[in-house]
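Report on the following structure.
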Amino acid sequence: MRIVLPPEAVPSAWYNVVPDLPAPLEPPLHPGTRQPVGPEDLAPLFPEALILQEVTSDPWVEIPGPVLDVLRLWRPTPLVRARRLEAALGTPARIYYKDESVSPAGSHKPNTAVAQAFYNQQAGTTRLTTETGAGQWGSALAFASALFGLECKVYMVRASFQQKPYRRVLMETWGASVVPSPVADPEHPGSLGTAISDAVADAAGRADTHYALGSVLNHVLLHQTVIGLEAKEQLAKAGETRPDLVIGSCGGGSNLGGLALPFVPDPEVALLAVEPASCPTLTAGRFDYDFGDTAGLTPLLSMYTLGHDFVPPTIHAGGLRYHGDAPIISNLVRHGRMGAAAYPQGKVFEAAVLFARTQGSVPAPETAHAIRAAIDEALRCKETGEERVILFSYSGHGLLDLQAYDDHLAGRLPDA
Ligand SMILES: *Cc1c(COP(=O)(O)O)cnc(C)c1O
């Protein structure tokens, strides 16, 4: 069962969870003075509109018309009931997924890339820099930059640059230029932290250039809430009052936040973040102020972190290899509003393959973390006989991750 909405159903405002958080959000601190950062500290990197969204406590933020026009190229995205997966598991649970893989870049990431490109163009920025892990964020920003006439330079984590040439080609097709990071050390496999350092240093050094971040920050999670707002309406159409459990994979927290944040005010809805056991920020990190990047150029964020110099092993879910988490997600976990689980790579790919052999679609390795948790919850319901409603984020497709599937199917995937 597939629940589709007409183009007019794309929400006209983003939902801001900040006033509904269980505790006040701790402000980002200046890396030098350790005092809360002011708008002037962020001005070299971001346009004013995004800086205001980063700190706003308004419950709703209107989506500009030109952003809606682009989002309607693929939104509203479908909500799908995974009946064949349910049948294969023999579970009484009802499993739904919100399919963000239908965007031009194949993931949820264009939802914020389009908004960020728009506000930068409005502010007179002509060039954007960014980092990318597996290449999904870089391709989303390359796509959005092309539509708003901006130059785009992408610093790509070296391990992915070498493992995933097709995403580089996709970015170049949309007109971006792509270099491996860290630029200064060609032997280093890189991490999102090193790539952020390279992209921030580039943007801070040029007046025509701003920086765009694909996850973690408040304004990014804000832009992603179209996912959960649409899903609410679609679940109602499917005759469901509410989901009992909302699940998302968590790298920086943007697809999870996008789907889950609109459900935060409803205490009946449980929320779950799923991360790789090899980069276990929420389940094994410490809650502390830390830098967003490796070099210590960014503001200090209040979050769960493995330390800004942590270099995760080169697992195939490149989008989940980040040492920290969104302050909003960290706040929810810290105060017990959201749970967290970690899975090793092998268990995740078993779930991905079961999904592909029942529902048909081949998920991104990141997405497969959410699928693993959804399956485990459905199997638990089979034991207890609970008819729970499970909603998970199908954050992206895996059609450019087939090397990972080949490694899994051939038994070559290490469980780091
Ligand atoms: C980037 C990415 C993720 C992880 O990033 P979040 O900001 O945590 O969402 C998950 N799934 C896909 C498909 C991605 O591209």
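The values are calculated or read from the model by the stated rules, or taken from the named source; none is laboratory data. What you are looking at is a predicted structure, and each value in this text was computed from that prediction instead of being measured. Virtual Cβ from ideal backbone geometry, glycine too; neighbours counted across all protein chains shown. Heavy atoms of the whole protein, side chains included, go into the accessibility calculation; ligands, DNA and RNA do not. Shrake-Rupley method; radii C 1.70, N 1.55, O 1.52, S 1.80 Å.
Data overview
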quantity: Size-normalised alpha-carbon gyration radius of region 108-178, reference 2.2 N^0.38 Å; calculated: 1.01
quantity: Dipole magnitude of the chain, debye to nearest 20 (Cβ charges: Lys/Arg +1, Asp/Glu -1, about Cα centre); calculated: 1000 debye
quantity: Two-decimal Rg to Rh for the chain - Kirkwood Rh, Cα set; calculated: 0.94
quantity: Nearest-0.05 FRET efficiency for Glu172 and Glu40, computed from C-beta distance (R0 25 Å); calculated: 0.10
quantity: For region 1-151: relative contact order, % (alpha-carbon pairs under 8 angstrom, 6 or more apart); calculated: 23 percent
quantity: Eligible lysines near Lys237 by straight Cα distance, threshold 24 Å, same-chain separation 8 or greater; calculated: Lys98
quantity: Ranked order, His408, His223 - accessible area, probe 1.4 Å, largest first; calculated: His408, His223
quantity: Heavy-atom accessible surface of region 1-121: percent carbon and sulfur, 1.4 Å; calculated: 55 percent
quantity: Largest to smallest accessible area among Phe287, Phe355 [probe 1.4 Å]; calculated: Phe287, Phe355
quantity: Candidate lysines - alpha carbon under 20 Å from Lys153, same-chain residues fewer than 8 apart omitted; calculated: Lys109, Lys164
quantity: Carbon/sulfur fraction of accessible area - region 228-323, other protein chains in place, 1.4 Å, %; calculated: 50 percent
quantity: Simple spin-label estimate for Glu350 and Leu52 in nanometres, 7 Å along Cα-Cβ; calculated: 5.2 nm
quantity: Pairwise label distance in nanometres, Ala184 with Ala13, each label 7 Å out on the Cα-Cβ vector; calculated: 4.5 nm
quantity: For region 207-259: span of alpha carbons on each principal axis (Å, largest first); calculated: 52, 19, 12
quantity: Residue-normalised accessible area of the chain, given per residue in Å² at a 1.4 Å probe; calculated: 36 Å²
quantity: Theoretical ellipticity at 222 nm over the chain - DSSP helices of four or more residues, -39500 (n - 2.57) apiece, nearest 500; calculated: -11000 deg cm²/dmol
quantity: For a label point 7 Å along the Cα-to-beta-carbon line of Leu409, residues of region 349-391 with backbone N under 18 Å; calculated: 349-366, 368
quantity: Cα Rg, Dmax (largest Cα-Cα span) when computed across region 306-359, Å; calculated: 14.3, 40
